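The values are calculated or read from the model by the stated rules, or taken from the named source; none is laboratory data. Because the structure is a prediction, the values reported are computed rather than measured. Note that each Cβ is placed from the backbone with ideal geometry, even for glycine, and that neighbours are counted across all protein chains shown. We work out accessible area using only protein heavy atoms, side chains counted, and drop any ligands, DNA or RNA first. Shrake-Rupley method; radii C 1.70, N 1.55, O 1.52, S 1.80 Å.
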Amino acid sequence: MKKSSRSIYIILISSLLLLTYCNSGKSDSSDQVNSLLALKELSYTEIDPLNNVFTDHLGTGYEYYHLDIPEQTAGENVSFDYTFDTGTETKDIYFIFTNISPDKNTTYPILESSQSVTQSALPAALSKPKSLLQGGQTMKGKTEISEFNRNPYAYLNKINPINMILNFATPSEPKYDYETEETTFRISANYNVDATCVKINTDGTKTLNLWVANNCGDNHDQSCTTLSYTRPISDIADTFLKADTDNDIYDWITNIYGEEWGSVPSSIDPDGILIPPNNEITILLLDIDNNQSTDSGVLGYFWAKDNFKRTSYLIPTPTNFSNERIMFYIDAYLYKNHPDEIISALAHEFQHMIHFYQKTVMLTNGKGTETWIDEMSSMATEDLVADKLGVDGPRGVSPTTFPLGSAGTFPITTETGSRLPHHNYYNDASVTEWYKGDEVLKSYSINYALGAYLSRNYGGAQFFHDVMHNDKTGYEAIEYALNKAGSPNKFGDILARWGVANLLSDMTNVPSDYRYNIGTWFISDTDPVTVPYKAGSINLYNYRISYYGNIQDGPHFYTESYPMPTTPMPAASNEYYRAAQNLTGSQTWHIKLMKNVRMSVLAK
């Protein structure tokens, strides 16, 4: 039942309106409306107290609760007393606050405890640095490439008469490579690379052409083939495509998603700006940033510029550098020092390649998937084939770790290539915002963590197939796949359940919807079943991150002595708050929640 405090807000709003009018002179009425809306946004409806009592009725040693507050569903901010009673048990109490809005920031919850003072701003000494990007960090892709891949037609001209004439006069014909052939690749507007074809593999239907740049680094004094590789260059080709079936990256990933390129109906490509299919894929090994970097930088990327005919680009333009190939790029120096990460990157970039064709071209009329979903799908794909490739993958645990499929042992660090140490640190970042610059580690880490959770709870390979194969480009694609998996949950529900799963990942007796860790492999199939896929268990408490002389083990959470910040709470994010430690009996908090912020409680 609501209390009478609502009338106070009505009086305050009326007073503000009168004050704004009297002091405004020629004030625009929109200023008055904005002032009213701001006050309404910060007002809270007092509701009856809520409480939970720990009973351990399932004998698991933990319990979780998602508070159902009708007033929030009705669009109201709420204020209430919340009491948790552990009875005779001693438990740590965690609050997980979820901003269920996919695209709007909001105000952080405000907490007052019966045993403490009101929360204040985050002390400067405890503020988290925005970026942890330091030496030894590797990434896949670049921001400008992701932006192109998502909206390629913004860079192209489909109606320029000159281009139309050129298309008819000089049609782009399929080109077939041969070993020892040399050619020049267009890397960017002002950067070309001469390369040699060193290996060609075929499975009888598809052909893989591996090219290697003739020079590496600033000195341009040696071929990329002459670097001291710890794993032969030929492994790139042999791992990606070879004879027979179900034995390489191409087979495993196309079994999930479908072909990387094929015929495009004229209704989709009426101006003929896409290159024709020829069943060939090119991989170019080069020094991507021309900096001889061996420990950090971009592992590889797929850039859809090459899927378009050169005559398709705007004239004049700095982006007219299509190679007219279905191809992606891999860094030679990082292959030298991090070969397993590069092998995993092949799977990552191949998902992007398929995603562009199956989704952007064939299903969405050129409107690409939001970057966070495309990247999540690539990292989930790495995860699903890591055991087949014999690499740690983004989980950072060797597939040969015993017990097989287990969550590994503490401490697992970023040196394994895992995304999860950074996720533990950045677990309050937005899922739907793709951060720029050095902060991109936030996005890679938190989106892998969410993708790993979705994979392990809602069907693995089939789930991500369904994320791709629909015409939705935002969070609705996740909801579509959930629905196909038989789950009634909406995106906001998933964020809240995922938040609880983060803090329960050290336990193996967790029910569906909350699982990261079952002590062994999560097995998934596609429909029709061709080959099963395995995803290893995850215990987030096994991960350690070191930064600027500090160490963090396990998930990050706020506490009374380390309160939540006063900056806006990001869209589609979770905030983890340890409300009590070693609590026996009951404790009460006064809590203020915005209408889009849901609250879950975990006692463990």
Subject >> Criterion violated by GLN351 - all others in (1) within 12 Å of the chain's Cα centre (by Cα); (2) crowded, with 24+ Cβ neighbours inside 10 Å satisfied >> reply: (1)
Subject >> Residue list for region 401-425, filter: open to solvent by 10 Å² or more (accessible area, probe 1.4 Å), of a type in the set (S, T, N, Q) and not in a loop (DSSP other than H, G, I, E, B) >> reply: THR414, THR416
**OP:** State whether one or more residues within region 331-347 are within 19 Å of LEU156 (Cβ to Cβ) and either hydroxyl-bearing (Ser, Thr, Tyr) or open to solvent by less than 10 Å² (accessible area, probe 1.4 Å) (or both).
**Re:** no
Original post:
When you look at SER398, is it part of a loop (DSSP other than H, G, I, E, B) and either over 30 Å from GLY366 (Cα atoms) or at pLDDT below 95 (or both), yes or no?
Top reply: yes
**OP:** Give ASN201, ASN209 a once-over and let me know the one that is in a strand (DSSP E or B), open to solvent by less than 40 Å² (accessible area, probe 1.4 Å), over 17 Å from ALA332 (Cβ atoms) and modelled with pLDDT of 90 or more.
**Re:** ASN201
**OP:** Select the strands (runs of 3 or more DSSP E) contained entirely in region 531-570, then report the ones holding at least 3 residues which are surrounded by fewer than 22 Cβ atoms within 10 Å (Cβ to Cβ).
**Re:** 544-547, 550-553
Subject >> Residue pairs meeting the criteria (Cβ under 7 Å; at least 6 apart or on separate chains; first modelled with pLDDT of 95 or more, in region 454-469; second among the aliphatic types (A, V, I, L, M) and not in a helix (DSSP H, G or I)) >> reply: SER455/ALA535; ARG456/ALA535; TYR458/ALA485; GLY459/ALA485; GLY460/ALA535; PHE463/ALA485
Original post:
Which one of GLN581, GLN587 is surrounded by fewer than 18 Cβ atoms within 10 Å (Cβ to Cβ), over 30 Å from ASP251 (Cα atoms) and over 22 Å from the mean Cα position of the chain (by Cα)?
Top reply: GLN581
Original post:
Is it the case that some residue within region 51-64 is open to solvent by 30 Å² or more (accessible area, probe 1.4 Å) and under 26 Å from PRO568 (Cβ atoms)?
Top reply: no
**OP:** Tally the residues that are crowded, with 20+ Cβ neighbours inside 10 Å and touching a residue at least 24 places away in the same chain (Cβ under 8 Å), restricting the search to region 427-445.
**Re:** 13
Subject >> Residues (modelled with pLDDT of 90 or more, part of a loop (DSSP other than H, G, I, E, B) and of a type in the set (Asp, Glu)) located in region 267-291 >> reply: ASP269, ASP287
**OP:** Would you check if SER113 is farther than 30 Å from TRP303 by Cβ, open to solvent by less than 30 Å² (accessible area, probe 1.4 Å) and at pLDDT below 95?
**Re:** yes
Original post:
So which residues in region 57-99 are touching a Gly at 6+ places or on another chain (Cβ under 7 Å) and more than 22 Å from ILE494 (Cβ to Cβ), if there are any at all?
Top reply: ASP85, THR86
Subject >> Candidate set: region 257-308, residues that are among the hydroxyl-bearing types (Ser, Thr, Tyr), within 23 Å of LEU210 (Cβ to Cβ) and out of contact with any strand residue (DSSP E or B) (no Cβ under 6 Å at 6 or more places or on another chain); chosen: the one least open to solvent (accessible area, probe 1.4 Å) >> reply: TYR257
